[in-house]
Each structure stands twice: as structure tokens, then as C-alpha cells.
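S.K.: Please read through the structure below; I'll follow up with questions.
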Amino acid sequence: QRFPMTILDDILIAEATADPDGRLTFARVMELALYHPEHGYYGPAPRRIGRAGDFFTAVSAGQLYGRLLAGLAERTWNEMGKPGEFCIIEQGAHDGQLAHDMLSACGLPLRIVEPNPRYQAAQHARLADFQDRVSWTDSLGELPPCPALFVCNELPDAMPVHLLRFESGEWRELHVAWEGGRAIFKSGPLSSGRLRGEAARLPVNLPEGHMMEIGLAALDWMEALARSAIHGRIFIADYGLDEEEFFSPERAGGTLRRYHSHQSDDRVLEDLGRCDLTAHVNFTRLAETAASRGLSTLAYEHQGRFLGRLGMNWLRSLDGAPPDAATQALLRQYHTLTHPAFLGRSFRVLLLEKPRQLAS
């Protein structure tokens, strides 16, 4: 589906026109297309997810996902010695549904990291029954010192990425320019020294035209999380790959995609602001960045295996008892979350530990 040009297109064109080279990095385009406060896909208000929205997440499957993560939070709290100031921290809470499901399943307090006041308003409405256990913070840097389980579901895959393409034996960047009111890609030099440093890590024996996304924003986010005052464990669930998987022939076109009404394609310069944009997370670089700051990896695996272990005790509790309608619904959710044909293999989980001595 092709929509007419919007005010966001005009904003991008004006910014590109002011640039000496008449172009923008794709990271800048993606940032505004997703997060412009008035005209970005996510800016004005939380988007509907699930069957009625543009995409489906683990939260869409039902309350079991939050119930399993609440169990992970309780286990983390127990293993840390049941500190009184412990809390769950969620970033990327969207409309508050996952927070609601976790709060419904345990008695722990929860803090949401959310800078957008419109999202905060939606979350306040969703969590009205738990106001005595919920608080809000605008940024990771404002989190108070406390032991915690940090949770984010499908957050770094929506952070802006730079686009690189392998050309004539070297990595070049795909910038965005406009011709006749239409956005197009133009190959050019890498836009920063930091990007050149990331490109220097990449192989140079790939076929001509191989594409690669570089998520500097996700690495910056991990650095900020490492610098934050909290300590404990960090749970990250998202689409993603090991770095070497990005270089396989089936990934030659990159992983960047546009989503609208549950349809995805690679027409990422069309209908900016009206469609979701996402790229697979480079979990290798994310874990390396965490390790460079003293965090350790406790688990890294497909979501199905991770959630399968979290749900093992619950499954055992059902042995010998005929499931009622509510239990049957939960079992269907469990199947959706863990089966490789559904969400079990599409998503990966990275569980990190941040020692107390690293809390600033």
C-alpha cells in the first residue's frame, strides 16, 4: 500500500536540503520515522499490537508471558537475598500490558522507564489497579540505586541503524536523498569514525552488494544501561542473530524490514512514519558491549528454550489434573511462546548479570 507524502516527508527533505551533501544517514531517517513526537510511527501514542495491529509480539499471546517473567523476577529476588528495595524495571513498556501481566502475577513493585508523556498516560490508565506499586522514570540515568530485574521485550530491534553495503572490496554507507519528492538510497563514505571502527570488524570477503545494519544506538543503550545505578539481572528478548549469521548468503539483503498490517517487505523508504521499521539485533555486539562494562552473560538462547525452563514447574503442577478452560488457554499461549514454528525460534533471549559494584 502506498500513501501520499506527509508532513514527515517534508521535515526529512528540509533537513536533507540543509545538509552540505543533501542527504541523511538512514539512522537519522529511521529515528524520525519512528519517534518524531507528532509524525513518527511510535511518537503520538502507543500502537495497537496483535491481530488488530501491524505486528504480533509475545505480549500479544496472552498473560502467560508476563506470568513467566514475574516468576523470573521472584527467582531473581530470592537469589539476591530478598532485598526490600528490589523492583522490576521495564523499558519499552508500550501501553503497559506486559507490566500489568507481571504485576498481576507477583507482589513486587515495578518501575517503568518512559520519556514520552503520552505513553505514560496510557500506562497510568492500564495500571490504575496497581498505582501503589508502580512508578515512572524518564531515562536510565535517572534510575535510583536498587537491586532489580530489568526487562525489555522487543526494544533494541526498533532502535535506528546505519545501513552498510559491501562494494568493490570495501564497506560503504547507504545514505538517503530525495529526488522529485521520492526518497532514494545513495552510496557514500561512512559517516563517522565510530562507524568506521565498527566496519573494520566486518569481513571483506563477501559477495558484491552484501548488506549489513550497524546498530550504534543499541550499543549506546547498552552502555547507558551498564552505567545506570541499578544492579541485578537484565532480560532482553528480541529478534536477533549472532554476528556471523548476518554474513550468510540468505542475509545478503540485510534484515531491515517495514511492517504494516502484518505484512513485511524491504520497501523501507516508503510511507515513512506510517509503518514500523525494524532490524535484527546483533546479539554478539550487544553482549560484547555489556562484557566490556563488566556485565556477564547468564543465558543466551532461543526464547522457546528459555521460557520452556521458566514454565517447567507450572507444567509439572498440571500433571494428573484435567485442564479447565482457563488452563487450556494458558497451554495454548505456552505453545505459541515456545514452539519453534511460532515465537519460540523467532526470538532470542539474552540474560545478563550486573554486579552491585558496577552500579554508579
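The values are calculated or read from the model by the stated rules, or taken from the named source; none is laboratory data. All figures in this text were calculated on a predicted structure; none of them were measured in a lab. As a convention, Cβ positions derive from the backbone with ideal geometry for all residues, glycine included, and neighbour counts pool all protein chains shown. The area values use the complete protein model at the heavy-atom level, side chains included, leaving out ligands, DNA and RNA. Shrake-Rupley method; radii C 1.70, N 1.55, O 1.52, S 1.80 Å.
S.K.: Starting from the 7 Å offset along Cα-to-Cβ, what nm value, one decimal, do you get for the label separation of Met312 and Ala14?
M.R.: Reported label-point gap for Met312 and Ala14 is 5.8 nm.
S.K.: Taking the alpha carbon gyration tensor of segment 145-202, what are the square roots of 5 times its eigenvalues, largest first, to the nearest whole Å?
M.R.: 32, 19, 10
S.K.: Let me ask something else. By average Cβ neighbour count within 10 Å, what is the ranking of 23-31, 209-217 from highest down?
M.R.: Sorting 23-31, 209-217 by mean packing, highest first, produces 23-31, 209-217.
S.K.: What is the gain in length, in nm to one decimal, between Ala121 and Arg48 on full extension, counting 0.36 nm per residue of separation less the C-alpha to C-alpha distance?
M.R.: Fully extending the segment from Ala121 to Arg48 adds 24.7 nm.
S.K.: As I understand it, the value is the acute angle between the Cα axis of helix 216-227 and the longest principal axis of the Cα atoms of the chain; what does it come to in degrees, rounded to 10?
M.R.: Orientation of helix 216-227: about 40 degrees from the principal axis.
S.K.: At 1.4 Å probe size, what's the solvent-accessible area of Glu79? Round to the nearest 10 Å².
M.R.: In the full protein context, Glu79 sits at about 110 Å².
S.K.: Calculate, in nm to one decimal, what Ser187 and His262 gain on full extension: separation in residues at 0.36 nm each, minus their alpha carbon distance. Intermediate values should be presented prior to the final figure.
M.R.: Numbers: separation 75, 0.36 × 75 = 27.00 nm, distance 3.03 nm.
The span from Ser187 to His262 would gain 24.0 nm if fully extended.
S.K.: Taking only the alpha carbons of segment 128-235, what extent do you get along each of the three principal axes, in Å, biggest first?
M.R.: 58, 35, 21
S.K.: Kirkwood hydrodynamic radius, computed over distinct alpha-carbon pairs, for the chain: how many Å, to one decimal?
M.R.: Roughly 21.6 Å, rounded to one decimal.
S.K.: Dipole of segment 252-360 (Lys/Arg Cβ +1, Asp/Glu Cβ -1, origin at the Cα centre): which of Leu277, Ala326, Ala290 lies farthest to the positive side?
M.R.: The listed residue farthest towards the positive side: Ala290.
S.K.: Within segment 180-194, find all residues whose amide N lies under 19 Å from a label point positioned 7 Å from the Cα of Ser168 along Cα-to-beta-carbon.
M.R.: Once the point is set 7 Å along Cα→Cβ of Ser168, 185-191 turn out to lie under 19 Å by backbone N, inside segment 180-194.
S.K.: Also, quick follow-up: Compute the length gained on full extension between Ala200 and Glu85: take 0.36 nm times their separation in residues and subtract their Cα-Cα distance, giving the result in nm to one decimal.
M.R.: Numbers: separation 115, 0.36 × 115 = 41.40 nm, distance 4.36 nm.
My answer for the length gained is 37.0 nm.
S.K.: Same structure again: Along the Cα→Cβ direction, 7 angstrom out, place labels at Arg345 and Arg293. What is the inter-label distance in nm?
M.R.: 3.3 nm
S.K.: Find the relative contact order for segment 177-283 and round it to a whole percent, using C-alpha pairs within less than 8 Å whose residues are 6+ positions apart. Don't skip to the answer; put the middle values down first.
M.R.: Working: 87 pairs, mean separation 29.3, N = 107.
Relative CO of segment 177-283 lands at 27 percent.
S.K.: At 7 Å along the Cα-to-beta-carbon direction for both Gln131 and Ala325, put a label point, then send me their distance in nm to one decimal.
M.R.: Each label point lies 7 Å from its Cα, and together they span 3.3 nm.
S.K.: With a cut-off of 8 Å between alpha carbons and a minimum separation of six or more residues, what is the relative contact order of the chain in percent?
M.R.: Dividing the mean separation by the residue count of the chain yields 19 percent.
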